[in-house]
Each structure stands twice: as C-alpha cells, then as structure tokens.
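For reference, the structure is listed below as structure tokens.
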Amino acid sequence: MAIQKKTNESLSEYRKQLIEASQKSQEDFDKTVLLLSTGALGISFAFVKDILGSQPITSANLLIAAWAAWALSAFAVLSSYFLSHKALRKAISQVDEKTIRAEIPGGCFAHATEVLNILGALLFLIGLCCMIVFSSDNLSTKGATMSDKKPPIQSPVPQPPSQPPPRPITEDYPIKEGFIPPPPPPDESPKKR
C-alpha cells in the first residue's frame, strides 16, 4: 500500500510538471506566432517602401492578402490569450464545483483557444507564402527593368584645362620666344627638417 501511495504521489507530481511544461510551451508558441506576424508586417512595409520604392507594384493582391493574414494571425493569437484565461477560470470553477471529471476542463473556452492557436499559425504561414510570391514577382520585375535601362549618363566634373606636355627641346623644335613652360611636378620625396 505504501508503494502504491508513493507511485501515485510521484505520478501526480510528474503530471503537474507535464501540465506546467505544456502551458509554458503553449505560451511560448503564442508569443512566437505573435512576434513573427507583427514583425513580418513591419518588414513587409519596409520592403515595399525601401526596396520597391516608386516602382510600379505587381501582384498587389498578394501583398494585401499577406498583410491581412498576418493581422488576422496576430488577432487570433491575442484572442487565444484572452480565451485561455477564460478557460483556466472555468476549469478552476469546475474543480470547485467538483464537475471537472464530468465536463471538458475549461469548457468551450479551451476548445476555442486551441482552434485560435492553430488558426494563428496557419494564417502566419499563408501570409508568408503570399509575401514570398509577391516579393518574387516584384523583384524579378525590378531586375528586368533595371537591366533594360541604360545606365544614367553622368556629367563629367569640370576639370581645369589641361596643358599638353612640353615638346622636347631639340634642334628640330626650337623654343619660341614667349613660351612659358608648365610648373614642375610636385616633389614627392620626404622633406628634411
């Protein structure tokens, strides 16, 4: 009997640890999906503004679908946080009323929380797929238009008029009167102090 009691106690303790680990895992999952969805929204705004710039956007419906999916994903996860709290309160009430074994723990709130968590993850993935296709369409279009364009003509920076190098002084080329030779090149040797 003592062995049975120890086994039941250790199983009960193990069960508590599993429940805590499950709750922690679900919290981390929810936070991750929320972070990814909101982060993807922000990055996509920057992508459109900085990468595409004023270039015409193709497949705009995909971009809108990605934004909608990510916004709905964030809403689903936030709603699951709220309903998770409601499910826990319901489960506590069921324990207090001793109806926990006869009913689903947390009632419909627990089921809704699970559905919203799955929905949040799926919506994130749908948004990601839409954004990948959108980016691919627009970057390939941008690459095609950039390669078709001629590079812009740069106006040369005005340079002072250059002088032709002096002719060598030989008998064939006498120095004419009034000729001013160019200044000698600067001395590049180190100066003595």
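Seen from Q26, the other residues with C-beta closer than 12 Å to its C-beta sum to a net charge of -3, counting Lys and Arg as +1 and Asp and Glu as -1.
Around E103, with a cut-off of 11 angstrom between Cβ atoms, what is the net charge of the other residues, counting Lys and Arg +1 and Asp and Glu -1? Result for the neighbourhood of E103: +2.
I want the local charge near Q94. Using Cβ-Cβ distances under 15 Å, sum +1 for each Lys or Arg and -1 for each Asp or Glu among the other residues. Before the final figure, lay out each step's value.
Values: positive: K86, R89, K90, K98, R101; negative: D96, E97, E103.
So the environment of Q94 carries a net charge of +2.
Roll a 1.4 angstrom probe over the protein heavy atoms and tell me the percent of accessible area of the stretch 40-117 that is carbon or sulfur. Carbon and sulfur: 69 percent of the exposed surface of the stretch 40-117.
The values are calculated or read from the model by the stated rules, or taken from the named source; none is laboratory data. As the structure is a computational prediction, the values presented were derived from the model and not from experiment. Every residue, glycine among them, receives a Cβ derived from its backbone with ideal geometry; neighbour counts consider all protein chains shown. We work out accessible area using only protein heavy atoms, side chains counted, and drop any ligands, DNA or RNA first. Shrake-Rupley method; radii C 1.70, N 1.55, O 1.52, S 1.80 Å.
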